[in-house]
Amino acid sequence: MTEQPVGILALQGDFALHAAALDRQGVAYLYVRRPEELTACRGLVIPGGESTTMTRLMDIVGLRQPILDFAAAGKPILGTCAGLIMLAARVDEDERRHGVKPLGLLDVLVRRNGYGRQVDSFVDEVVVAGRADPVPGVFIRAPRILEVGAGVEVVATWRGETVGVRSGKVTGLAFHPEAGEGESWLS
Ligand code: GLN
């Protein structure tokens, strides 16, 4: 039997970069735009993009509950940048104003665009738990992790600040590994 593909939520954002990263690693992927597609996957990537739009589209296509069920079934989920925002428990803005409704799968508080605007985007070394050498982290209007809940593990830091977290099989990164390291983060 061939292995199930890794799903990439392809409603909006940089899903094609994730696809290219998985391709480079020889990992089969499937774009997920509806619940039936998610059922066929062994893991899910929620890409970077715009969390306000992603919230709207996720609810329009009816993927919110299936993603929560997917996580509850113990399947791995990786969220990068806007994907981290979608996985978070809390966003530190008035929800009625920003319109982001996160999934609440990672007990963290995040601030959207917490490192500044597009012009403040940067690439810098990120220290990853269990790795001797730092990896390049691409931060594009990245969310800032302001609070980390007790059961949440820190898996990546930038200048001592938490930029990657994991809780069980759910991982959220403020930066874009698909520009370099890819989905080894899913396992
Ligand atoms: N600032 C975006 C948001 O709020 C995230 C940016 C990104 O994913 N590169 O959703």
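The values are calculated or read from the model by the stated rules, or taken from the named source; none is laboratory data. Bear in mind the structure is a predicted one, so any value in this text is a computation, not a measurement. Neighbour counts run over all protein chains shown; Cβ positions are idealised from the backbone, glycine included. All accessible areas refer to the heavy atoms of the entire protein, side chains included, with ligands and DNA or RNA removed. Shrake-Rupley method; radii C 1.70, N 1.55, O 1.52, S 1.80 Å.
Some observations on this one:
- In Å, descending, principal axis extents of the Cα set of the chain: 44, 42, 33
- For Q4 and T157, a Förster radius of 41 Å and the Cβ-Cβ distance give a FRET efficiency of 0.80, rounded to the nearest 0.05.
- Taking 0.36 nm per residue of separation and subtracting the Cα-Cα distance, full extension of the segment from E125 to R97 would add 6.7 nm.
- Estimated at 0.36 nm per residue, the fully extended path between K169 and L68 surpasses their Cα-Cα distance by 35.1 nm.
- Per residue, the chain exposes an accessible area of 46 Å² to a 1.4 Å probe, with every protein chain left in place.
- Sorted peptide list for 81-90, 142-151, criterion being average Cβ within 10 angstrom, highest first: 81-90, 142-151
- Span per principal axis, largest first, for the Cα atoms of the stretch 108-187 (Å): 34, 26, 20
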